[in-house]
There are 2 protein chains.
Amino acid sequence: MKGGSIELGEVPRNATTSKGVKRGLSIMDFILRIIAGVATLASAIAMATTDERLPFATAFIQFRAQYDDLPSFVFFVMGNSVVCGYLVLSLILSIFHIVRSTAVKTRILLIVLDMVMMGVLTAAASAAASIVYIAHYGNTQANWFPICQQYNSFCERISGSLIGSYIAVAMFVIIIILSQVAISRN
Amino acid sequence: MKGGSIELGEVPRNATTSKGVKRGLSIMDFILRIIAGVATLASAIAMATTDERLPFATAFIQFRAQYDDLPSFVFFVMGNSVVCGYLVLSLILSIFHIVRSTAVKTRILLIVLDMVMMGVLTAAASAAASIVYIAHYGNTQANWFPICQQYNSFCERISGSLIGSYIAVAMFVIIIILSQVAISRN
């Protein structure tokens, strides 16, 4: 911008290049949002559809593991669903940024919302991860036994579902950095 | 900036006002960083110094609860310590922004680092929170018993230590939004 205000003749060319770069960043932003959305959706579905019944039962209890047995997993499914919904809605603004690559205020709005959603997703993923760890290894000090010895496929599914969430968190970090770069080129 | 390039005579006054606002934002940033730093330090110390021994023992086992019995709590202490160290170091850049309120590149660097640290802190806090929940209420499906019935003061301390972390996360959100505002006023 300094260069622009000193040599006024240079402005149009610079502005066009800058606009092109911004459009490129907006398109990347759009693609990354789709990837993150798919990743969170996959995580939510993978966690929410786990249902393992053990092949034996007592008179009163059927041994069955579902995600809503553990509140952290419920939070995980809700967090991923909310973030997935947000990502789908944010595509509208993302398209708007591709068309109008000089918009600044909507970009800042989007960064702030992205940041909050990244926080929600990180919280959901790590809350679930710490429970998955206990499920796998238990804790001898607290006398919590690893449930994965019984519920094998349940444990595989809940471990796998974390991956999507962490991919989405990584996407969010890149999305926010790209938006920063786009704003700073104003 | 648009106004500035059209009416060049207006630039100095606008620039001075904008500079003043930015300096104000930078000072607020500095104060919030100190608050967040103290909060994370308090959390880390509160968690790391818990040590409860029960007043009875068997021949082989002394019943004792410490934070490093649970990996999530170790991560919590480490996360809070790292973020606290970062916040102290970031004060240097924050002071630099008070002195040079027009700096943009260092602000963006700081926002990106803030964002990463906010992620680390959120992850640490919610991983610990989900274990604290299990410690309080246990889980009947997984046969994990609430350890808080035995370790009362340990549980109070670990629950309390979460507060500081969540305060720091809130501070980070405000800090990042303030930096965004400062950059957008360029």
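The values are calculated or read from the model by the stated rules, or taken from the named source; none is laboratory data. Predicted, not measured: the structure shown is a model, and the values here were computed from it. Note that we place each Cβ from the backbone using ideal geometry, even for glycine, and neighbour counts take in every protein chain shown. These accessible areas exclude ligands, DNA and RNA; they are computed on the full protein's heavy atoms, side chains included. Shrake-Rupley method; radii C 1.70, N 1.55, O 1.52, S 1.80 Å.
The residue that is farthest from the other protein chains (Cβ to nearest Cβ), counting only those in the stretch B:130-163 that are surrounded by fewer than 19 Cβ atoms within 10 Å (Cβ to Cβ) and of a type in the set (Val, Ile, Thr), is B:Ile163. The set of residues in the stretch A:137-172 that are in contact with a helix residue (DSSP H, G or I) (Cβ under 7 Å, 6 or more places away or on another chain) and either within 30 Å of A:Lys19 (Cβ to Cβ) or charged (D, E, K, R) (or both) comprises A:Arg157, A:Ala168, A:Met171, A:Phe172. Here the stretch A:175-186 is the region considered, the condition is being of a type in the set (A, V, I, L, M) and either touching an Asp or Glu at 6+ places or on another chain (Cβ under 9 Å) or facing another protein chain (nearest Cβ under 7 Å) (or both), and the residue that is nearest to A:Lys19 (Cα to Cα) is A:Ala182. In this entry, A:Asp68 passes the filter for residues that are open to solvent by 40 Å² or more (accessible area, probe 1.4 Å), in a helix (DSSP H, G or I) and of a type outside the set (Phe, Trp, Tyr).
Of all residue pairs spaced 6 or more apart or on separate chains, those with beta-carbon atoms under 6 Å, a first member in the stretch A:56-76 that is at pLDDT 70 or above and a second member that is in a loop (DSSP other than H, G, I, E, B) and not polar (S, T, N, Q) are A:Ala65/A:Tyr151. Note on the stretch A:73-82: residues that are open to solvent by less than 40 Å² (accessible area, probe 1.4 Å) and out of contact with any Ser or Thr (no Cβ under 7 Å at 6 or more places or on another chain) amount to 4.
For (1) under 23 Å from the mean Cα position of the chain (by Cα); (2) under 20 Å from A:Ile176 (Cβ atoms); (3) of a type in the set (Ser, Thr, Tyr); (4) not in a helix (DSSP H, G or I), each residue gets a yes or a no:
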site	(1), (2), (3), (4)
B:Thr102	no, no, yes, yes
B:Met115	yes, yes, no, no
B:Val120	yes, yes, no, no
B:Ala129	yes, no, no, no
B:Ala142	no, no, no, yes
B:Phe154	yes, no, no, no
B:Ile177	yes, yes, no, no
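Quick check: is even one residue across the stretch B:82-90 in contact with a Lys or Arg (Cβ under 7 Å, 6 or more places away or on another chain) and modelled with pLDDT of 85 or more? So far as the stretch B:82-90 goes, yes, one or more of its residues are in contact with a Lys or Arg (Cβ under 7 Å, 6 or more places away or on another chain) and modelled with pLDDT of 85 or more. Scanning the stretch A:114-133 for residues that are free of Cβ contacts under 8 Å to residues at least 12 places away in the same chain and β-branched (Val, Ile, Thr) yields one hit, A:Val116.
Out of the stretch B:93-107, which residues are open to solvent by less than 30 Å² (accessible area, probe 1.4 Å) and either closer than 25 Å to A:Val169 by Cβ or not hydrophobic (A, V, I, L, M, F, W, C) (or both)? The answer is B:Ser94, B:His97, B:Ser101, B:Arg107.
Checking A:Ser90 against (1) open to solvent by less than 40 Å² (accessible area, probe 1.4 Å); (2) more than 14 Å from chain B (Cβ to nearest Cβ); (3) out of contact with any Asp or Glu (no Cβ under 8 Å at 6 or more places or on another chain); (4) free of Cβ contacts under 8 Å to residues at least 60 places away in the same chain, which single condition isn't satisfied? The failed condition is (3).
Scanning the stretch B:171-186 for residues that are among the β-branched types (Val, Ile, Thr) and over 13 Å from A:Ile108 (Cα atoms) yields a total of 3. Cβ-Cβ below 7 Å, separation at least six or inter-chain, first residue in the stretch A:148-159 and under 13 Å from A:Ile45 (Cα atoms), second part of a helix (DSSP H, G or I) and open to solvent by 20 Å² or more (accessible area, probe 1.4 Å): which pairs? Every condition considered, the pairs that remain are A:Arg157/A:Ala46.
Of the residues contained in the stretch B:49-64, one or more are found to be within 14 Å of chain A (Cβ to nearest Cβ), open to solvent by less than 20 Å² (accessible area, probe 1.4 Å), outside any helix (DSSP H, G or I) and not polar (S, T, N, Q). Contact annotation: residue pairs with Cβ atoms under 8 Å, 6 or more positions apart or on different chains, pairing a residue in the stretch A:95-113 that is away from chain B (no Cβ under 14 Å) with a partner that is open to solvent by 30 Å² or more (accessible area, probe 1.4 Å), are A:Ile95/A:Phe30; A:Phe96/A:Thr106; A:His97/A:Thr106; A:Ile98/A:Arg23; A:Ile98/A:Ile27; A:Ile98/A:Phe30; A:Ser101/A:Lys19; A:Ser101/A:Arg23.
Quick check, is A:Gly85 within 12 Å of the chain's Cα centre (by Cα), of a type outside the set (Phe, Trp, Tyr) and open to solvent by less than 10 Å² (accessible area, probe 1.4 Å)? No; evaluated as a whole, the condition is false for this residue.
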